[in-house]
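As structure tokens, the structure follows; a few thoughts come after it.
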Amino acid sequence: MARKVRIEEEDAQIDMTPMLDIMLIFFIVTTVFVKEAGIEVNKPDASQAVLHKNANIFIAVTEDGSVWLDKREVAPDSVRANIERLLTEQPTDYVIIQADVKAKHGLVVEIMDQVKAAGVNRVSVAARG
């Protein structure tokens with residue numbers, strides 16, 4: 001005598017919540033946050049301008065001598081401390097200085113020295129290509 005086995009089909013459901021949580025955490029941890037200067041400057045033209053893709057800290061030097069970093073105006077002598085703080089949050093190899101075409105050369109060199117004193121050896125001055 002053959003037995004009939006009754007198989008009940010269950011609605012199989014996969015809980016996607018843990019996987020989505022892990023993906024969200026992964027994207028938050030690996031996201032690069034760009035520290036923009038916070039002001040637009042009139043950059044000089046250059047035929048050999050190159051964009052550094054892994055630069056995420058920008059410093060702007062305006063025509064009137066204002067220095068902007070992380071969307072706020074900072075004193076030129078506090079650039080080093082601010083760069084050191086930003087490097088702890090987001091390490092980078094490059095810092096880009098966006099100097100206005102009419103910014104004083106001496107101030108731009110002073111900012112470059114502050115950046116190098118903070119431990120960043122690759123400093124570039126932005127230009128329009």
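The values are calculated or read from the model by the stated rules, or taken from the named source; none is laboratory data. The model shown is predicted, which means the values in this text are computed figures rather than measured ones. All Cβ positions, even for glycine, are placed from backbone atoms using ideal geometry, and neighbour counts span all protein chains on display. For the accessible areas, the whole protein counts, side chains as well, though only heavy atoms, and no ligand, DNA or RNA atoms are used. Shrake-Rupley method; radii C 1.70, N 1.55, O 1.52, S 1.80 Å.
Is there a residue being open to solvent by 70 Å² or more (accessible area, probe 1.4 Å) and either modelled with pLDDT of 85 or more or hydrophobic (A, V, I, L, M, F, W, C) (or both) anywhere in the stretch 36-48?
Scanning the stretch 36-48 turns up no residue that is open to solvent by 70 Å² or more (accessible area, probe 1.4 Å) and either modelled with pLDDT of 85 or more or hydrophobic (A, V, I, L, M, F, W, C) (or both).
Which pairs do you get when a residue that is closer than 11 Å to residue 69 by Cβ, found in the stretch 86-99, comes within reach of a residue that is among the basic types (Lys, Arg) and assigned to a strand (DSSP E or B), reach meaning Cβ atoms under 7 angstrom, with the pair 6+ apart or on two chains?
Partner pairs satisfying both residue conditions: 86/35.
Test of understanding: among 33, 26, which residue is assigned to a helix (DSSP H, G or I) and at pLDDT below 80?
26
Sort out which residues of the stretch 86-122 are buried (at least 19 other Cβ atoms within 10 Å of the Cβ) and part of a strand (DSSP E or B), and write them in order of number.
95, 96, 97, 98, 99
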